[in-house]
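Any read-out appearing in this document is the output of simple, stated calculations on the displayed coordinates, not a laboratory observation. These figures come from a predicted structure and were not determined experimentally. In this analysis, Cβ positions are derived from the backbone assuming ideal geometry, glycine residues included, and neighbour counts consider all displayed protein chains.
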Amino acid sequence: MSRWFAVQSQRRRDMDPIVYDAIVVGARCAGSPTAMLLARRGYRVLLLDRDRFPGDIMSTHLIKTGGVLRLRRWGLLERIVATGCPAVTQITLDIGGCALTAPMSPLEGVAEIHAPRRTVLDKILVDAAVAAGAELREGATVRELLRNGERVVGVRVRIGQGAIVEERAGIVIGADGLRSAVARAVEPPTYEVVPTRACWYYSYWSGVDLADFRIHLRGGRYILAFPTNDGLTCVLLGWPISMFHQVRGDIDHHARAALREAAPDLAQRIAAGCREERFVGQPMSRGSFAVPSGRGGHSSGTPGTIAIRAPAGASRMRFAMPSCSVTRSTPRTPVMRRDAELGGRIDGLDHRVLGLESRVALLESPRPRRRRRR
């Protein structure tokens, strides 16, 4: 444990018992694990989220092997499995009519992916944070950051429809999603920005015979399909951004057409089932990396990030789970360091992944890697 951080934490407790060691803004797949890991180390953590749990959110929810490995290390994977979320051990990639099927590549003994619904996953993560000792406040909207000069010292927050209150902490961690209020406040410079290139819609079907993770890329259409909770199959479809208004005007028609053209075998399986929920979607947000600093801010977690916004939604969960942003420079605790070591191995390919997924978002076939001459 960082001696400096431990001493400062004890001083804050001695001086004012209502001052937290850390305030985490956002309690979903980035914020709750961060709060949990800090609370497990004995720090006093306040966890804030504008939503209430369990609650859904417009987001895909495929957790790749890196995220599954984290869940296992945190002791939460068994809880995910206990909800009936199936383990997916095989992937089928179909590009231009050439389909390849292979088992998942293992990562430290983990060779499976899971896709729990966000109502399931986020509730498990929130409960784990609370069980670890974090204080949770739901329905909490952060209005602004409190500063002492350039240093962030807390937040001003409204709980439900009640009064606005101030809470103070040694660090404020922003894990509040794509439109992060914390990130906006610290204004981190971004780089390798990828503009919006695609729009996406997804829904859920029952009665679909599917046990693997499917990726279909053909004819300017991008389709993902994978099993999830309650015997449902999630199907996500992508089109070039130029087609957004056209697709939005009749999503059901365009979805059926895309399935017929890009994934005829999958289309037959889906036709045998029943769609259980309405389509939801939007243009994908732009992709970018952010430097670990801003006005009064620094970051902790995955190096070089406050928020990583991958243009292909299926990877956003993997990027989010090891990442957090800290709005004050401070030594990292051992639990953060260990998680960053794991994240370094998994996310060392982030720039290459962003480049690949930006082409996928453009609905282009991935380019083959050139072998180096010896």
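A few remarks follow.
- Global geometry of the stretch 104-214, whether rounded, prolate or oblate, following the gyration tensor of its Cα atoms and the 1.5 cut on a/c: prolate
- Once the C-beta distance of Arg52 and Val280 is scaled by a Förster radius of 22 Å, the resulting FRET efficiency is 0.70 to the nearest 0.05.
- Segments 271-279, 232-240, 23-31 sorted - mean Cβ within 10 Å per residue, highest first: 23-31, 232-240, 271-279
- Anisotropy class of the stretch 195-287 from Cα gyration tensor, a/c 1.5 cut: prolate
- A Förster radius of 51 Å combined with the Cβ-Cβ distance from His245 to Glu78 puts the calculated FRET efficiency at roughly 0.70.
- Gyration tensor (alpha-carbon) shape descriptor, the stretch 141-187, a/c threshold 1.5: oblate
- Ratio Rg/Rh, restricted to the stretch 20-179 and using Cα atoms, in which Rh is the Kirkwood radius: 1.07
- The residue list Ile95, Gly139, Leu69 was ranked by how far each Cα lies along the charge dipole of the stretch 6-156 toward its positive end, using unit charges on Cβ atoms, and Gly139 comes out on top.
- Dipole magnitude (debye, nearest 20) for the stretch 33-82, charges at Cβ of Lys, Arg, Asp, Glu: 300
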